[in-house]
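One structure is given below, encoded as structure tokens.
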Amino acid sequence: MIRKIFYISLIVPMILSAQFRAGLDISRQITLSGIGSDESESADALALTLGYEKMLLLGFVGAGAEYTLDLEEEGINMAYVYGVGKIPIAPFMRGIVRAGYSIPMGDAGDMYDPGLAYGVGARFKLPLIPIGLEALYTIHSLEMKSTGDDLADALIDALDFKLNALNITATLKF
């Protein structure tokens with residue numbers, strides 16, 4: 001019984017100093033570059049993002065995870081695990097820097113290997129109100145999976161695939 005109380009006393013404060021994130025990618029740009037070409041295409045559909053973020057070290061550094069569901073049938077769904085830094089830049093505003101690992105899910109997971117991602121943004125939140133608003137720009141760098149054919153794999157290695165997303169997110173701190 002004491003052991004359960006001990007674990008609960010550790011877990012509850014960790015959960016209570018976190019935030020739930022729900023957002024919308026309002027702009028998604030897919031870029032394929034390499035071998036003398038640079039093609040860019042805007043995604044037609046929006047994407048929903050749900051996430052959880054835990055801040056440590058007085059709220060300046062933390063970690064988070066989110067899942068992005070592309071509303072387009074052939075879109076790229078993605079899980080994103082990241083470290084985050086939030087620095088005060090003005091009253092009620094913080095600058096945000098994120099870096100982590102993107103993992104394509106669903107059909108995109110069959111085509112692309114996971115890759116690094118990084119982003120910047122800003123957060124606005126009034127004191128004593130648990131709801132905040134964030135604007136984030138994130139670049140997900142992915143690589144196409146190898147096919148087993150040497151020539152095709154050499155061409156794939158020469159290509160650079162990026163998914164750039166501009167996201168507006170509401171946060172609920174609890």
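The values are calculated or read from the model by the stated rules, or taken from the named source; none is laboratory data. Just so we're clear, the structure is a prediction, and the values are computed from it rather than from any experiment. We place every Cβ from the backbone using ideal geometry, glycine too, and count neighbours over all the protein chains shown.
Descriptive notes on the structure:
- Test for residue 80: is it in a strand (DSSP E or B), more than 17 Å from residue 173 (Cβ to Cβ), in contact with a Ser or Thr (Cβ under 6 Å, 6 or more places away or on another chain) and modelled with pLDDT of 90 or more: yes
- Taking every residue in segment 139-152 that is assigned to a loop (DSSP other than H, G, I, E, B) and pairing it with any residue that is among the aromatic types (Phe, Trp, Tyr), at least 6 positions away or on another chain, the pairs with Cβ-Cβ distances below 9 Å are 145/112.
- When we screen 125, 173, 162 for residues that are touching a residue at least 60 places away in the same chain (Cβ under 8 Å), over 22 Å from residue 27 (Cα atoms), surrounded by fewer than 18 Cβ atoms within 10 Å (Cβ to Cβ) and touching a strand residue (DSSP E or B) at 6+ places or on another chain (Cβ under 7 Å), the only hit is 173.
- Of all residues making up segment 128-142, the number that are surrounded by fewer than 20 Cβ atoms within 10 Å (Cβ to Cβ) and closer than 28 Å to residue 91 by Cα: 9
- Residues of segment 44-58 satisfying the condition of being in a strand (DSSP E or B) and either modelled with pLDDT under 85 or hydrophobic (A, V, I, L, M, F, W, C) (or both): 47, 48, 50, 55, 56
- Search result, residues across segment 106-133 that are on the phi < 0 side of the Ramachandran plot and assigned to a loop (DSSP other than H, G, I, E, B): 114, 125, 126, 127, 129, 130
- Search result, residues across segment 72-106 that are of a type in the set (Val, Ile, Thr) and surrounded by 13 or more Cβ atoms within 10 Å (Cβ to Cβ): 76, 81, 84, 96, 97, 103
- Failed condition for residue 61, given (1) within 19 Å of residue 161 (Cα to Cα); (2) out of contact with any Pro (no Cβ under 8 Å at 6 or more places or on another chain); (3) of a type outside the set (S, T, N, Q); (4) at pLDDT 80 or above: (1)
- Taking the listed residues 40, 17, 9, the one that is at pLDDT below 80, polar (S, T, N, Q) and surrounded by 14 or more Cβ atoms within 10 Å (Cβ to Cβ) is 17, with no other qualifying.
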